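Participant: Let me give you the structure first, and then I'll get to my questions.
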Amino acid sequence: MMLAPVEKSWTRLERWLEANAPGNFARLNPPAEPSVIAAAEEALGREFPEDLRRILLLRNGTNERDQSGKYHHGAGFLPEFTALLPAKRIAEIHAMRVEIMQGLMEDEEQSEEWALGNWWHPGWLPIADASTGDGLFIDQRCGADHGSVGHFVHDDSARLNIWPSLAAMLHDVADAVEGVRDVPSLQPRVWEGQFLEW
């Protein structure tokens, strides 16, 4: 099956949100400036994958708070109730999880093998987070899982290679919400006429 470019899948999802889940649509940020992406990459110490950069140039993630700081439900409309992270937060969350992982590796109760590559790995790039602390990541390690999307679980082992790529995930999400085909792992519904849930 030919996958649509990430921009096409994202645009399909965004149009669906605008028409069917306006509470989610309202939480989308404006596009990221290239300089914002470059600053985040510098803080991270490596470049973002091209597909992620292309999405951030459309929307610099989502935001749970308005300009006054008031919280609004609806940023987390991606699988696992996660919200697309702004570029700066990608670098910040990566650094935070690496720091926590290093602490776990020094803890006598957790083995190095469990923390490194099971709880978190420096080669995993966070792309979306949930209010629970869980989230989605792109695996940037060399090997068979390179480029795949996994699910980070804050109090358990991560689930690897759920989708082979960000493009594949967004293609599935767009197809699921539009009802183009049945995606067994994604069963969309709209809550209160405002919010996409899975």
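The values are calculated or read from the model by the stated rules, or taken from the named source; none is laboratory data. Quick caveat, the model's predicted, so the values are computed rather than measured. Quick reminder, even Gly has a Cβ in these numbers, built from the backbone with ideal geometry, and neighbours come from all protein chains shown. Accessible surface areas use protein heavy atoms only, side chains included; no ligands, DNA or RNA. Shrake-Rupley method; radii C 1.70, N 1.55, O 1.52, S 1.80 Å.
Participant: Suppose we filter the range 135-152 for residues that are under 13 Å from the mean Cα position of the chain (by Cα) and without any contact (Cβ under 8 Å) to a residue 40 or more places away in the chain; how many remain?
Facilitator: 5
Participant: Scan the range 45-59 residue by residue and report those that are within 19 Å of V98 (Cβ to Cβ) and within 16 Å of the chain's Cα centre (by Cα).
Facilitator: F48, P49, L52
Participant: Another one. With respect to V177, is the statement that it is open to solvent by 10 Å² or more (accessible area, probe 1.4 Å), of a type in the set (V, I, T) and outside any loop (DSSP other than H, G, I, E, B) true?
Facilitator: Yes; evaluated as a whole, the condition is true for this residue.
Participant: If you take the residues of the range 6-44 that are aromatic (F, W, Y) and more than 15 Å from the chain's Cα centre (by Cα), which of them is nearest to D172 (Cα to Cα)?
Facilitator: Per the criteria, the residue is W16.
Participant: For the range 155-163, indicate whether the set of residues that are open to solvent by 50 Å² or more (accessible area, probe 1.4 Å), within 24 Å of I55 (Cα to Cα), among the polar types (S, T, N, Q) and assigned to a strand (DSSP E or B) is non-empty.
Facilitator: Yes, some residue in the range 155-163 is open to solvent by 50 Å² or more (accessible area, probe 1.4 Å), within 24 Å of I55 (Cα to Cα), among the polar types (S, T, N, Q) and assigned to a strand (DSSP E or B).
Participant: I would also like to ask the following. State which residue pairs qualify: first residue modelled with pLDDT of 95 or more and inside the range 172-183, second residue hydroxyl-bearing (S, T, Y) in any location, beta carbons under 7 Å apart, and separation of 6 or more residues or different chains.
Facilitator: Close Cβ pairs (under 7 Å, with a partner that is hydroxyl-bearing (S, T, Y)) amount to A174/S9.
Participant: Search the range 7-47 for residues being touching a Leu at 6+ places or on another chain (Cβ under 8 Å), in contact (Cβ under 8 Å) with a residue 40 or more places away in the chain and not in a helix (DSSP H, G or I), and hand back the single one that is nearest to G74 (Cα to Cα).
Facilitator: Across the range 7-47, the extreme among qualifying residues is A21.
Participant: Limited to the range 30-64, what total is found for residues that are in contact with a Pro (Cβ under 6 Å, 6 or more places away or on another chain) and within 12 Å of K88 (Cβ to Cβ)?
Facilitator: Summing the residues that are in contact with a Pro (Cβ under 6 Å, 6 or more places away or on another chain) and within 12 Å of K88 (Cβ to Cβ) in the range 30-64 gives 2.
Participant: If you don't mind, there's one more thing I want to ask. Does P126 satisfy the criteria of being assigned to a strand (DSSP E or B) and touching a helix residue (DSSP H, G or I) at 6+ places or on another chain (Cβ under 6 Å)?
Facilitator: Judged against the criteria, P126 is a match.
Participant: Go through H151, H146 for me and flag whichever is over 21 Å from E14 (Cβ atoms), open to solvent by 10 Å² or more (accessible area, probe 1.4 Å) and in contact with a helix residue (DSSP H, G or I) (Cβ under 8 Å, 6 or more places away or on another chain).
Facilitator: Result of the check over H151, H146: H151.
Participant: Of all residues in the range 67-97 being open to solvent by less than 50 Å² (accessible area, probe 1.4 Å) and assigned to a loop (DSSP other than H, G, I, E, B), which is nearest to L28 (Cα to Cα)?
Facilitator: A75
Participant: Please go through the range 184-197 and give me each residue that is in contact (Cβ under 8 Å) with a residue 12 or more places away in the chain and farther than 19 Å from A19 by Cα, ordered by number.
Facilitator: S185, L186
Participant: Among the residues of the range 117-134, are any open to solvent by 20 Å² or more (accessible area, probe 1.4 Å), closer than 30 Å to A4 by Cβ, out of contact with any strand residue (DSSP E or B) (no Cβ under 9 Å at 6 or more places or on another chain) and modelled with pLDDT of 95 or more?
Facilitator: no
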